[in-house]
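Structure, as structure tokens:
Values quoted throughout were computed directly from the atomic coordinates according to the rules given, and no laboratory measurement underlies them. Because the structure is predicted, anything quoted here is derived from the model rather than measured. Virtual Cβ from ideal backbone geometry, glycine too; neighbours counted across all protein chains shown.
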């Protein structure tokens, strides 16, 4: 009975001030953590949106720059009167070409370099085509007769895959199927009429230059 009386006489202990401070501190910490989580979430969303906006702006800028590159190429070619891979006659009276005129070819490569439109890899490939043609002509596999079309390629010019430029071609020019990976881009340009020309470009020192052109490959210059 005494033990029961002792239990009844015990009063509940008041909630100490130290416990109140701990609880207040805990609530404050929870609020801070929740605030930081919201802030980080918003910052991540904002960064994601800014990244998307930047990527879209860059893509539009690159597309415009690549179209401008093709325009420069076609304007240059339209005024260009010089020959690519000019063949050589050993004697003025010969009727069959026997190789590449390397002196004329060297001048042509210098002209291409001065346009600032092409990468070194394009010019290296251009040189390989010349070496290939020189070998083919020297071996005389197929005769390249003076005054006739060459036995390789087609009737169309390699720079535009055309014989003549259509009217208002610059206004009709469009860039299609553009794919950009870092500083490399592949695309097709067209002026309509089911015509397409594939190009690969490379960005060097923040400037797009032509690295490959559909018609400038050794297969096109073989027979």
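In what order do 189, 223 fall by count of nearby beta-carbon atoms within 10 Å, going from fewest to most?
223, 189
If we count other beta carbons within 10 Å of each Cβ, what is the order of 74, 131, 26, fewest first?
Neighbour counts put them in this order, fewest first: 26, 131, 74.
Between residue 71 and residue 106, what's the calculated FRET efficiency when r is the beta-carbon distance and R0 is 35 Å? Round to 0.05.
The value I calculate is 0.80.
How many nm separate the modelled label positions at residue 198 and residue 168, each set 7 Å beyond the Cα in the direction of the Cβ?
Placing both labels 7 Å beyond Cα along the Cβ direction yields 3.1 nm.
Can you sort 105, 132 by how many other beta carbons sit within 10 Å, fewest first?
132, 105
Which residues among the range 183-211 fall inside the zone where the amide N is under 15 Å from a point 7 Å beyond the Cα of residue 82, along Cα→Cβ?
No residue qualifies, since no backbone N sits under 15 Å from the label point.
Among DSSP beta bridges lying fully in the range 61-221, give the percent that are antiparallel, nearest 5.
Antiparallel bridges make up about 95 percent of those DSSP assigns within the range 61-221.
Among rounded, prolate and oblate, which fits the range 90-223 when a ≥ b ≥ c are the square roots of the eigenvalues of its C-alpha gyration tensor, a/c under 1.5 means rounded, and a/b larger than b/c means prolate?
Since a/c reaches 1.5 and a/b is larger than b/c, the shape of the range 90-223 is classed as prolate.
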